[in-house]
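Below is one structure; the comments refer to it alone.
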Amino acid sequence: MKMIFKVLVIVMVSVILSGCKGQQKSATGEKINDKELTSQSDRQKDVLIKKIDRKYEDAKAHYELGKLYHREGLWDKAEWEYKKALAFDPAHHEAQASIVKLLADKGDSQRSGVIAEMYIGQASVSAKNSLLLGRAFQDRGLDEYALTSYMQAHRIAPNSVVINKQLGYFYLLKQDNANAEIYLRRAFELDPYQPEIAGQLGKLGVQVEIPKKKPKDLKRLEKEKAVSGQELDQELK
């Protein structure tokens, strides 16, 4: 009897452990087996590989495949796909920032820094490229390079509302209220019809007022803004 009891206990414990092993929660709280996660990733890779087979110059597919490899810690494969994305789309800012992040993740900080500087230099051809690269860096937690890119964009187009707002919000996230106020004030001066900026400035203790009516000579003012560099704002948004 004792032997039978022991066998039953062992079987029950095994069943419980097998039910719990290899499970984790999804974003919705549902339990997912590691095998399911692996198969999901494999399916995504299979779809992307087929896309690349059909159109090898598909930069987006190479980039997305690189992201999957990156997530799995397959550094060489990820870097290869990111580079392929850049070969077909040299201004693919997400791929550029991802290479910098990948090198940092694998512990090659020196090479990561050199390549980041190279991409920032390439982006200096325009405020738009600098801003988009900065956003890609920021999305990956590379705030030092993000700020360098944003400041480069600001030097090129100091009167851009979008760039001043971007810098203001960047500093807000860093809890640097003094610098946040400087750039948010400037964004509001350039375009005072921005309730969200007025609200943020209010939280910083700065009282501003949104004009009740737009000026009659708005068209002339818009032309002046275009001359001063704000013509970039529509394409930067």
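Screening Ile182, Ile115, Ile120, Ile163 for residues that are of a type in the set (Val, Ile, Thr), surrounded by fewer than 20 Cβ atoms within 10 Å (Cβ to Cβ) and over 22 Å from Leu65 (Cα atoms) leaves exactly one candidate, Ile182. Would you check if there is a residue in the stretch 68-78 being at pLDDT 95 or above, charged (D, E, K, R) and farther than 24 Å from Gln40 by Cα? Scanning the stretch 68-78, I find no residue that is at pLDDT 95 or above, charged (D, E, K, R) and farther than 24 Å from Gln40 by Cα, so the answer is no.
Among the residues of the stretch 56-77, just one is closer than 16 Å to Lys101 by Cα, crowded, with 21+ Cβ neighbours inside 10 Å and aliphatic (A, V, I, L, M), namely Leu65.
The values are calculated or read from the model by the stated rules, or taken from the named source; none is laboratory data. It should be emphasised that the depicted structure is a prediction, and the values quoted were computed from it without experimental measurement. Don't worry about glycine lacking a Cβ; one is built from the backbone with ideal geometry, like all the others, and counts go over all protein chains shown.
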